[in-house]
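Next up is a structure, given as structure tokens.
The values are calculated or read from the model by the stated rules, or taken from the named source; none is laboratory data. Owing to the predicted nature of the structure, the values given are computational and were not obtained by experimental measurement. Virtual Cβ from ideal backbone geometry, glycine too; neighbours counted across all protein chains shown. Each accessible area value is taken on the protein alone, full model and side chains, heavy atoms only, with ligands, DNA and RNA left out. Shrake-Rupley method; radii C 1.70, N 1.55, O 1.52, S 1.80 Å.
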Amino acid sequence: MYQFYFGLTIVNYLAQQIESFLFFSNTLKIQTKSYERRFTDWAIKLRGKRNIEEVVNLVDEAVIPFLRGYLSDFKNSFLQIRHYDYNPQYRERYILGCLNTELCKQAGLTPLSPDNIQKLQIEHILPQTLINLDASDEFDEEERDKYTFMLGNTTLLESQINQAINNCNDLSTDWFGMKQAEYIHSNFVLTKLLNDQYTIGKNTGLNRLKNKLNCQFDEWTKTSIEQRQQMLMELAFDHWQLNGKRLDEYDRASTVNNIEM
């Protein structure tokens with residue numbers, strides 16, 4: 001049996017596959033007209049399908065090979081992507097919320113609801129407006145523009161906490177340490193993890209996941225932002241799966257044999 005869709009209806013299963021397809025295609029900035037014809041062909045093939053196994057076969061034979069051909073491009077695109085590439089902001093919050101949900105699932109924690117996710121604010125860890133920029137040689141003007149808006153430099157945060165860190169933008173101070181002290185009070189786990197002190201017990205799911213994802217931030221530098229962007233990409237591969245597997249787990253030459261029976 002196909003274990004990865006246990007309990008799902010055919011409509012829900014198909015919706016999951018479509019969402020995964022759209023996430024990858026939007027990240028790649030593939031124009032809609034480039035895959036409209038494919039959607040039409042897939043829709044025709046789906047007519048009359050009455051069980052999930054038939055949907056699995058179509059995804060395996062058509063959707064996965066199409067996306068697998070863009071795998072390298074996706075990795076390059078994601079590692080450079082800016083958070084506003086997922087505009088409007090409700091979509092940005094949705095993307096970050098899904099990544100947080102995936103992290104919580106793997107760590108055995110309860111994620112925030114979609115409604116609560118949409119109440120959070122988008123926070124730039126390296127602030128958009130800085131004071132005493134000359135006090136640090138980490139970011140020159142050109143690099144600051146690049147790194148400030150990378151997805152790895154953003155998280156979601158409650159409005160009250162966001163207000164509390166509003167003035168943590170002086171590079172001559174321990175601005176990141178001051179932010180970390182507030183981040184740990186957030187209910188959004190991706191934000192809590194920006195504080196190295198956030199752990200639960202010993203050898204727990206959360207602590208093992210932190211090590212697996214190399215989620216350790218004692219300072220906030222270009223390398224930190226790139227490292228976190230890589231971490232978010234790994235969570236994205238885990239969350240937006242196709243037929244129960246990460247896209248990068250499928251062999252380019254043959255996907256059929258990789259479907260778990």
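Residues of region 163-183 with backbone nitrogen within less than 20 Å of a virtual label 7 Å along the Cα-to-Cβ line of ASN132, please, listed as ranges.
Inside the label zone: 164-182.
Taking the Cα centre of the chain as origin, work out the dipole magnitude from +1 charges on Lys and Arg Cβ and -1 charges on Asp and Glu Cβ, in debye rounded to 20. Intermediate values should be presented prior to the final figure.
Details: 28 positive and 35 negative charges, 250 e Å.
Here the chain has a charge dipole of around 1200 debye.
HN-Hα J couplings of region 64-77 from phi, Karplus 6.51/-1.76/1.60, θ = phi - 60°, integer Hz, Gly and Pro as x?
Taking θ as phi minus 60°, the curve returns 4, x, 4, 6, 4, x, 9, 4, 4, 4, 5, 4, 5, 5 Hz for region 64-77.
Okay, next question. If each residue of separation counts as 0.36 nm, what is the full-extension length gain between GLU61 and HIS185 once their alpha-carbon separation is subtracted? Write down the numbers at each step before the final one.
Working: separation 124, 0.36 × 124 = 44.64 nm, distance 4.62 nm.
Residue separation times 0.36 nm, minus the Cα-Cα distance, leaves 40.0 nm.
In a solvent-free Debye calculation with one equal scatterer on each Cα, what is log10 I(q)/I(0) for region 40-100 at q = 0.25 Å⁻¹, listed in the order of the q values?
So the normalised log intensities work out to -0.94.
Hey, another quick one. Leaving out ligands, DNA and RNA, what percent of the accessible area of region 4-87 is carbon and sulfur, probe 1.4 Å?
Details: 2340 of 4760 Å².
Carbon and sulfur: 49 percent of the exposed surface of region 4-87.
Please state, to two decimals, what the Cα-based radius of gyration of region 108-261 comes to when divided by 2.2 N^0.38 Å (N = residues). Intermediate results must be reported in sequence, preceding the final value.
Values: Rg = 17.9 Å, N = 154, 2.2 N^0.38 = 14.9 Å.
After normalising by residue count via 2.2 N^0.38 Å, the value is 1.20.
Report the gain in length on full extension from LYS245 to ASP218: 0.36 nm times residue separation, minus Cα-Cα distance, nm rounded to one decimal.
Values: separation 27, 0.36 × 27 = 9.72 nm, distance 3.31 nm.
Extending this stretch completely gives an extra 6.4 nm.
With a Cα-only, solvent-free Debye model of region 127-168, what are the log10 I(q)/I(0) values at q = 0.26, 0.27, 0.34 Å⁻¹?
-1.03, -1.05, -1.18
Straight-line reach only, C-alpha to C-alpha below 27 angstrom: list the lysines that LYS105 could link to, leaving out same-chain residues fewer than 8 apart.
Partners within reach: LYS75, LYS119, LYS179, LYS192, LYS202, LYS210, LYS212, LYS245.
Here is a further query. Which number do you get for Rg(Cα) / (2.2 N^0.38 Å) in the chain? Don't skip to the answer; put the middle values down first.
Numbers: Rg = 20.1 Å, N = 261, 2.2 N^0.38 = 18.2 Å.
It is 1.10.
Quick one: accessible area per residue over the chain, 1.4 Å probe, rounded to a whole number of Å²?
Working: 13540 Å² over 261 residues.
Ligands and nucleic acids excluded, the figure is 52 Å² per residue.
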